[in-house]
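Trainee: Below you will find the structure I want to go over with you.
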Amino acid sequence: MNNIRFIAVQDFLVMLKDKIVLLWLFIMPIVFFAFIGSTTGGFGGGQNTVKTLAIWYAGDTEDPVYKQLNSHLEDNNFAIRLFNEDQRLYKDKWTFDDYNRQLWIPEKPAQSLQDNQAVDITYRFSGGSMDSDYQVFKLYKSVYKTLADTIVLRSNHPQQAAILDFSILDEQIKAIDLEVSSAGKPQIIPSGYKQAVPGILVMFVMMIALTSGAVTLLLERQSGALERLAAAPVKRSQLIIGKCAGKWLLTTCQLIYGMIVGSLLFSISWGPHWHWVFILLIIWAGACAGLGILLGSWGRSESQISGIAVIGTLLLAALGGCWWPIEVAPAWMQQLAMFLPTGWVMDALHRLMYFGDGLAEVSNHLIGLFMLMIMALTVAYQKFRFTA
C-alpha cells in the first residue's frame with residue numbers, strides 16, 4: 001500500500017511541474033467558465049428575465065396610445081429607458097446609442113390613430129443574445145395588443161374611442177377566464193454560468209486526463225522510466241494501480257478547484273445534494289483517469305494522443321450537453337446524449353443541482369458511471385505497457 005501511495009503522489013507531483021498542465025488546470029477553466037457562461041445566458045431559463053429597451057419618443061408621455069404601449073411593454077418584462085431631445089442621457093450615464101435594443105415611436109401616436117393614419121414604429125437590435133427572436137416576439141405582442149385595444153375600443157365604446165380612453169377596457173368583463181394551477185415540480189433549465197460551470201468542469205476533467213495524463217505516461221514509456229520502475233522491487237499491480245491513482249489525483253484536483261472557483265467567482269450553488277454531486281464527479285474523474293491510462297498505453301506519439309484526446313473530448317462534450325443545456329436541443333440529440341457518459345453526468349448534475357431530484361432519481365447514472373470507471377480501470381490495467 002505504501003508503494004502505491006508513493007507512486008501515485010510522485011506521479012501527481014511530476015505532472016504538476018509541467019507549466020502547460022498548470023495552465024489548463026488552474027487558468028483555462030476560469031477563462032472558459034467566463035466566456036461560455038456569458039455567451040449562453042439566453043439558453044433555457046433566461047427568457048423571462050427583464051430586458052432593457054431604449055425608446056426614443058419626443059411626444060407627450062401622457063399620450064394615451066404611448067401610455068398603453070408602454071404598459072404592455074412593461075408587462076412583457078421590458079425595462080423602459082425614455083430618451084428625446086430634452087433627455088439625451090439616462091441618469092446622467094447612458095446615452096440612447098449605448099443600448100442594443102432601441103425603439104423609435106413617432107410624436108402624437110394618438111392623433112395619428114384618430115386621423116386614421118399609420119403609426120410607424122421602428123425597432124433595432126444589435127448583439128448576440130440567444131433569445132433575440134423571443135424578445136422581438138414580445139415586442140410584436142405589445143404593439144399588436146395596443147392595436148387590438150384600439151379596435152375593441154372603437155367597436156364597443158365609441159365615446160371613449162373619441163378620446164382613446166383605454167381605462168374602460170380594464171373594467172370590461174373578460175370573455176375567457178384562465179385558471180392557473182401547478183402541473184408539478186417546476187424545472188427551470190439552467191443557462192449562463194449555471195450551465196457553463198458544471199458543464200465545462202466535466203469537459204476539463206476529461207480533457208486533463210486524456211491529454212496530460214496520457215501524454216506523461218507515453219513520455220515515461222518512451223524514455224525508459226517505466227522499464228526502470230518495472231525492475232525496481234515493486235509489484236506490477238502496485239505500479240499500475242499507483243499510476244492510475246496518480247491520474248485520478250490530477251483529475252480530482254481539477255474538479256475540486258473548479259467547484260471552489262465556480263462557487264466563489266461565479267456564485268454557483270451546487271445544490272442541497274452537493275455531496276452526491278461531488279461523489280458523481282469523483283466517479284467521473286476515476287473513469288477519465290482509467291481512459292487516460294488506456295490512451296497513454298495505446299498511443300504511439302504525442303500528436304496522436306493529443307489529437308484523439310482533444311477531438312474526442314470536444315465531441316463528447318458537445319453531444320453530451322456540456323456546452324449548452326441538452327434540454328433545449330432536439331429530441332434526437334437528447335436521446336443520443338443518454339448513450340454518452342458526458343450525457344449521463346450532465347443529466348445527473350442538472351437533476352441534483354436544479355431540478356430538485358435526489359439520489360433515487362440519479363442512482364442509474366451513478367451505477368452506470370461506476371461501471372464505466374471499473375471497466376476503464378480494468379482495461380487500463382490489462383493493456384498497460386512498460387515499453388514503447
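Trainee: Looking at this model, which pairs from K17/K383; K91/K138; K194/K243; K19/K235; K194/K383 are more than 29 angstrom apart at the alpha-carbon?
Mentor: Working: K17/K383 27 Å; K91/K138 26 Å; K194/K243 34 Å; K19/K235 31 Å; K194/K383 39 Å.
Among K17/K383; K91/K138; K194/K243; K19/K235; K194/K383, the Cα-Cα distance tops 29 Å for K194/K243; K19/K235; K194/K383.
Trainee: I would also like to ask the following. Counting only protein heavy atoms and a 1.4 Å probe, tell me what percentage of the stretch 5-117's accessible area is made up of carbon and sulfur.
Mentor: Values: 3400 of 6350 Å².
The C+S portion of the solvent-accessible surface of the stretch 5-117 is 54 percent.
Trainee: Quick one: helix 274-298 against the long Cα principal axis of the chain, what's the angle to the nearest 10°, folded into 0 to 90?
Mentor: Helix 274-298 and the main axis of the chain meet at about 50 degrees.
Trainee: Using alpha carbon coordinates only, what is the Rg to Rh ratio of the stretch 56-109, with Rh defined as the Kirkwood radius?
Mentor: Working: Rg = 11.2 Å, Rh = 11.8 Å.
Checking Rg against Rh, the ratio lands at 0.95.
Trainee: Would you calculate the separation in nanometres between label points at F266 and M375, each defined as 7 Å from the Cα along the Cα-to-beta-carbon direction?
Mentor: 2.9 nm
Trainee: Heavy-atom accessible area of L113 with all protein chains present, probe 1.4 Å, nearest 10 Å²?
Mentor: 40 Å²
Trainee: Still on this structure: May I ask for the angle, rounded to the nearest 10°, between helix 341-353 and the longest principal axis of the chain, with both axes built from Cα atoms and the value confined to 0 to 90°?
Mentor: 60 degrees
Trainee: Let me ask something else. Specify the residue with the greatest mean-square fluctuation among T146, T252, T40, computed from a Gaussian network of the chain linking alpha-carbon atoms under 10 Å apart.
Mentor: T146
Trainee: Using a Cα-Cα cut-off of under 24 Å, which lysines could be cross-linked to K93, ignoring same-chain neighbours fewer than 8 residues away?
Mentor: K51
Trainee: So what is the 222 nm mean residue ellipticity for the chain from helices alone, if each DSSP H run of at least 4 adds -39500 (n - 2.57) and you divide by all residues, rounding to the nearest 500 deg cm²/dmol? Kindly include the intermediate steps, with their values, before the conclusion.
Mentor: Working: 17 runs with 238 residues, N = 388.
One gets -20000 deg cm²/dmol as the mean residue ellipticity at 222 nm.
Trainee: Given 20 Å bins starting at zero, what is the percent of C-alpha pairs of the chain in each, up to the one with the largest pair distance?
Mentor: 23, 38, 24, 12, 3, 0
Trainee: Further, regarding this structure: Order Y144, Y193, most accessible first, counting only protein heavy atoms with a 1.4 angstrom probe.
Mentor: Details: Y144 135, Y193 85 Å².
Final ranking, largest accessible area leading: Y144, Y193.
Trainee: Estimate the FRET efficiency between S363 and K383 by the formula 1/(1 + (r/R0)^6), using the beta-carbon distance for r and 35 Å for R0, to the nearest 0.05.
Mentor: 0.70
Trainee: Separate question: In debye, nearest 20, what is the charge dipole magnitude of the chain about its Cα centre with +1 on Lys and Arg Cβ and -1 on Asp and Glu Cβ, if you could check?
Mentor: Numbers: 29 positive and 30 negative charges, 532 e Å.
So the magnitude is around 2560 debye.
Trainee: Moving to a separate point now. To test your reading of the geometry: what angle, between 0 and 90 degrees and rounded to tens, separates the Cα axis of helix 214-223 from the longest principal axis of the chain?
Mentor: Value to nearest ten degrees: 30.
Trainee: With a Förster radius of 30 Å, plug the Cβ-Cβ distance of L82 and A34 into 1/(1 + (r/R0)^6) and report the FRET value to the nearest 0.05. If you can, show how the numbers build up before the last one.
Mentor: Working: r = 33 Å, r/R0 = 1.10.
Using R0 = 30 Å, I get an efficiency of 0.35.
Trainee: Compute the FRET efficiency between A162 and T61 as 1/(1 + (r/R0)^6), taking r as their Cβ-Cβ distance and R0 = 22 Å, and round to the nearest 0.05. Don't skip to the answer; put the middle values down first.
Mentor: On the way: r = 21 Å, r/R0 = 0.96.
Approximately 0.55, to the nearest 0.05.
Trainee: Mean projection of the alpha-carbon convex hull of the stretch 280-380 over all orientations, in nm²? Intermediate results must be reported in sequence, preceding the final value.
Mentor: Values: hull surface 26.6 nm².
Hull-based average projected area comes out at 6.7 nm².
The values are calculated or read from the model by the stated rules, or taken from the named source; none is laboratory data. Everything quoted here is computed from the prediction, not taken from an experiment. Cβ atoms come from the backbone with ideal geometry, glycine included; neighbour counts cover every protein chain shown. These area figures cover heavy atoms from the full protein model, side chains too; ligands, DNA and RNA do not enter into them. Shrake-Rupley method; radii C 1.70, N 1.55, O 1.52, S 1.80 Å.
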